[in-house]
Amino acid sequence: TVGLTGGIASGKSFVSGLFFALGVPVLDADDAARAVTTPGSAVLAAIAQRFGDEYITDDGALDRKRLGQMVFANPGSLRELEAITHPAIRRAIRDWQAAQTAPYCIIANAILLESGMQAMCDRVLVVDAPEEAQLRRLRGRDGMTETQAREVMSLQITRADRLARA
């Protein structure tokens, strides 16, 4: 299992797509997170109980954008959210890994190193991009201001630390 990681807007999705096009099984941790927070799930109920029903849409889904804005502005809340979601995400990833029959597979996870999930991998591959490129992509792709983009980037480990740990 290869853990694929990199800073936000570094090109992880592009690189994941290249592996997928070659027939390598790829699991994006964001997809696992969505799967464990579907309407009616125990994880979604725990999120609503801890943070409030205002983070659940009228159709019973998680309001990811609203919750994301709140937790990114409050590191303590982010840690609480991760304590609720990460155990279920880890189980989903382990189940997916166990089902793989290819010589190797990829787990793409933006916070692989921050979350300790590199322990689930045999190798770590970092997609790297200069900070200026990340800022440009975040502003263009997500419509963030430079200040917002820098705030989101500051929640991840530094580029130097990520490269050293890989």
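The values are calculated or read from the model by the stated rules, or taken from the named source; none is laboratory data. Keep in mind that what you see is a predicted model, and the values were worked out from it rather than measured. Virtual Cβ from ideal backbone geometry, glycine too; neighbours counted across all protein chains shown. For accessibility, only protein heavy atoms count, side chains too; no ligands or nucleic acids. Shrake-Rupley method; radii C 1.70, N 1.55, O 1.52, S 1.80 Å.
Below are the figures for this structure:
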quantity: Long-range HN-HN contacts of G3 with modeled amide H, under 5 Å; calculated: I107, D122, R123, V124, L125
quantity: Gain upon complete extension [T158, A98; 0.36 nm per residue less C-alpha separation]; calculated: 18.4 nm
quantity: Per-residue HN-Hα couplings for the stretch 52-67 [Karplus 6.51, -1.76, 1.60; θ = phi - 60°; Hz; x = Gly/Pro]; calculated: x, 5, 5, 9, 10, 6, 4, 8, x, 8, 6, 8, 4, 5, 5, 5
quantity: In Å, descending, principal axis extents of the Cα set of the stretch 1-99; calculated: 42, 28, 24
quantity: For the chain: relative contact order, % (alpha-carbon pairs under 8 angstrom, 6 or more apart); calculated: 44 percent
quantity: Additional length obtainable on full extension of the chain from A45 to V2, 0.36 nm per residue less Cα span; calculated: 12.3 nm
quantity: Mean Cα-pair separation over length for the stretch 1-88, i.e. relative contact order, pairs under 8 Å, 6 or more apart, %; calculated: 20 percent
quantity: Rounded percent of accessible protein surface that carbon and sulfur make up, the stretch 1-77, 1.4 Å probe; calculated: 57 percent
quantity: Length released on extending from F20 to R150, taking residue separation times 0.36 nm less the Cα-Cα span; calculated: 43.8 nm
quantity: Amide proton proximity set for D28, modelled H, under 5 Å, gap of 5+; calculated: A108
quantity: Backbone N under 17 Å from the E132 label point (7 Å along Cα→Cβ), restricted to the stretch 1-24; calculated: 10
quantity: Average accessible area per residue (Å²) across the stretch 1-155 - probe 1.4 Å, nucleic acids and ligands excluded; calculated: 55 Å²
quantity: Selection of chymotrypsin sites (Phe, Trp or Tyr not before Pro), the stretch 46-117, meeting DSSP coil and at most 16 other Cβ within 10 Å; calculated: Y104
quantity: Fraction in percent of alpha-carbon pairs per bin - 5 Å, the chain; calculated: 1, 8, 16, 19, 20, 18, 12, 5, 1
quantity: Residues in the stretch 65-95 reached by a label modelled at D122 [backbone nitrogen below 19 Å; 7 Å Cα→Cβ]; calculated: 93-95
